[in-house]
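What follows is one structure encoded as structure tokens, with my remarks underneath.
Derivation of every value follows stated rules applied to the coordinates shown; laboratory data play no part. Being a predicted model, the structure only gives us computed values, none of them experimental. Heads up, the Cβs are rebuilt from the backbone with ideal geometry, glycines too, and the neighbour counts pull from every protein chain shown.
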Amino acid sequence: DMERDTPQQVLTKSVWILPCPLQGHINPLLQLARALAGRGVHVVFLVPKATLPERSSLETPGLSVLALDDGLPPDRSRGSNIKDSFDSMNHMESAFVRLLDASRQGVACLIYDAFVAWAPKIASSLSIRSSCFFTSNATACAVVCHIPVLIDRGILPFRSDENAPLPTSEIQGIDGAPDLLPEEFPVCITFDATHFRYKFMAQLAKTLRNASSIIINTVEELEQEPIAALRASVPIYTVGPLLLLSGRPSRLAVNFWPEDDECLQWLDSQTPSSVLFVSFGSMASPSLHQFQELAMGLEASGQRFLWVVRPDSTEVPLQDALPVGFLERTKDRGFIISWGPQLLILSHRSIGGFLTHGGWNSITENLSTGNVPMVCWPHEAEQRLNRRLMCDMWNIGLRLQQKEDGIVAKEEIVRVISRLFHGNEARELKEASTHVVQLVTKAIAKGGSSSRNLQDFQRNFISV
Ligand code: UDX
């Protein structure tokens, strides 16, 4: 079939992009879609029907959208429940096979999220080239690729159940990664090999190891060792930060929760660099006890704050979760929203610090926009590993001390906010992250590593 293509047909071929239907996955893949569309490639972006926003906000020149039937009622496939997202993703397989089969003549290659394990097999059965996309950094990719080795050696799972303590000695010998404490691994791979999330991680490792190439939203100059280690077995295209390659920061085209916009006007009325932005991404849900300590800490700090509290992230309605009288007492200097235009918020001159869970998108978005000093408060997934990179390797974030029961106390929150906004440490953080931003800016400029890699990818997978 390929041989019959005329040059004209080749030019009109599209790249199909298949994300896992999670907010933190759709966002970077949509940025990749826009980066390619901006370079003259026609891109088809696939989303589950239930997640489909108004088309007008998503479709841009060179980018079309295909909705896949995921067989779930609209409200089930949105949100932070990972099981629902996986169900939605797996339900899409048959619709995807039919569509791809029907369109195969026009498809130059498939870029699939590493979370969608079934995608590469389908592409290869239809003789379509494919490349894997990993949403996090190269260090996390190297660690995940090492999981099968640790399973074979009987080192994983580290413990029998989620509540058992983790061993405290470091795991050595992960190619390209520093020695890691067991607590720095994604929690779900540390216990119960029969749990669906454990099996999912083991599968993710296989998907990455079998990929014919992996696209990563990172920058070569930041992660040379893990990238070199990965390249020993698979071609790696680092193309980060995608936000900068894809155009100006704007609103998300696909929002899993309605955006609250009023916060932008509120930010307009604040003094420069005075507001702490508090956001834990699309999945993390602190316990009620922890939530209340955070609220008390924000109040006691005296700092201005803009706090994202997703409706599904508190165990009880917000009013009941907050300390009595909190909203009244903080109304002149605090603003709570359920979901916001994070890119516009981070770009706003009133923001002076970012208390983040350390999701890879949040970190790279901040480096790409406001570049404000960060506190990293990991909750789950690979966020503890991200903290290691941020706080120990690049020195662009502060850590929080937990008490023995795992809770970060109000006093610690007050202390870290003060360190973030005042004094030497704040200055050092700013200097280090300015250095990182310089590397990153160079990488996306003409001739820089990310921009070259995107070009190479285009040449190797799309234009041929
Ligand atoms: C998770 C992992 O933590 C992350 O490292 C991985 O790469 C993807 O899966 P998540 O927990 O959602 O992601 O965090 P993050 O990676 O920070 O992504 C959250 C996204 O939601 C960001 O793009 C952020 O801009 C957006 N967001 C968040 C909003 O648009 N509005 C908000 O109010 C909060």
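Translational diffusion coefficient, Stokes-Einstein: compute it for the stretch 105-222 using the Kirkwood radius over C-alpha pairs as Rh, at 20 °C and 1.002 mPa s, and state it as an integer in µm² s⁻¹.
On the way: Rh = 15.4 Å.
Estimated via Stokes-Einstein, D reaches 139 µm²/s.
Any idea what diffusion coefficient the stretch 343-430 gets from Stokes-Einstein, in µm²/s, Kirkwood Rh on alpha carbon pairs, 37 °C, 0.692 mPa s? Walk me through the numbers before you get to the answer.
Working: Rh = 13.2 Å.
In µm²/s, the coefficient is 248.
Per-residue Cβ neighbour counts within 10 Å put Leu166, Leu30, Leu242 in the sequence Leu166, Leu30, Leu242, beginning with the fewest.
Once both labels are positioned 7 Å from their Cα atoms along Cα-to-Cβ, the gap between His195 and Glu170 label points is 2.6 nm. Building the convex hull from the alpha-carbon atoms of the stretch 189-334 and averaging its projection over directions returns 13.0 nm².
The stretch 76-132: D in µm²/s via Stokes-Einstein (Kirkwood Rh, Cα pairs, 10 °C, 1.306 mPa s)? List each step's numbers first, then the result.
Numbers: Rh = 12.1 Å.
For these conditions, the coefficient is 131 µm²/s.
Over every Cα atom in the stretch 29-172, the radius of gyration and the widest Cα-Cα span, Dmax, amount to 18.5, 54 Å.
The stretch 408-464 and the stretch 256-324 have their alpha-carbon centroids 24 Å apart. The phi-based Karplus calculation (6.51 cos²θ - 1.76 cosθ + 1.60; θ = phi - 60°) puts the 3J(HN,Hα) values of the stretch 294-305 at 4, 4, 5, x, 4, 5, 5, 5, x, 6, 6, 8 Hz, whole numbers, x for Gly and Pro. In terms of surrounding Cβ atoms within a 10 Å radius of their Cβ, Asp101, Asp87 rank from fewest to most as Asp101, Asp87.
Considering all C-alpha pairs of the stretch 183-240, those separated by over 13 Å amount to 66%.
Sequentially through the stretch 138-143, phi angles give Karplus couplings (6.51, -1.76, 1.60; θ = phi - 60°) of 5, 5, 4, 5, 5, 5 Hz, Gly and Pro residues having no value and appearing as x. Among the trypsin sites (Lys or Arg not before Pro) in the stretch 418-459, those located in a DSSP loop and surrounded by at most 16 other Cβ atoms within 10 Å of their own Cβ are Lys446.
Using just the helices of the chain, give the 222 nm mean residue ellipticity in deg cm²/dmol: DSSP H runs with n ≥ 4 each add -39,500 (n - 2.57), and the total is spread over all residues, rounded to 500. Before the final figure, lay out each step's value.
On the way: 19 runs with 188 residues, N = 464.
So the calculated ellipticity at 222 nm is -12000 deg cm²/dmol.
Taking amide hydrogens as placed 1.01 Å from N in the peptide plane, the amide H of Ile336 sits under 5 Å from those of Trp307, each at least 5 positions away in sequence or on another chain.
What is the ratio of the Cα radius of gyration of the chain to 2.2 N^0.38 Å, with N the residue count, to two decimals?
Numbers: Rg = 21.9 Å, N = 464, 2.2 N^0.38 = 22.7 Å.
Relative to the 2.2 N^0.38 Å estimate, the chain comes out at 0.97.
Under 5 Å between amide H atoms, partner at least 5 residues away or on a different chain: which partners does Leu66 have, H built in plane at 1.01 Å? The answer is Phe45, Leu46, Val47.
Summarising the label geometry, the points placed 7 Å from Cα in the beta-carbon direction at Leu327 and His435 lie 4.5 nm from one another.
The amide H of Ser213, built 1.01 Å from its N in the peptide plane, has Cys132 as neighbours under 5 Å, considering only residues 5 or more places off or on other chains. Quarter the surface of the alpha carbon convex hull of the stretch 223-282 and you get the mean projected area, 7.2 square nanometres. Shown in residue order for the stretch 89-96 are the 3J(HN,Hα) couplings computed by the Karplus curve 6.51 cos²θ - 1.76 cosθ + 1.60 at θ = phi - 60°: 4, 6, 5, 7, 4, 5, 4, 5 Hz (x for Gly and Pro).
Going from the residue with the fewest nearby Cβ atoms within 10 Å to the one with the most, Lys83, Lys410 rank Lys83, Lys410.
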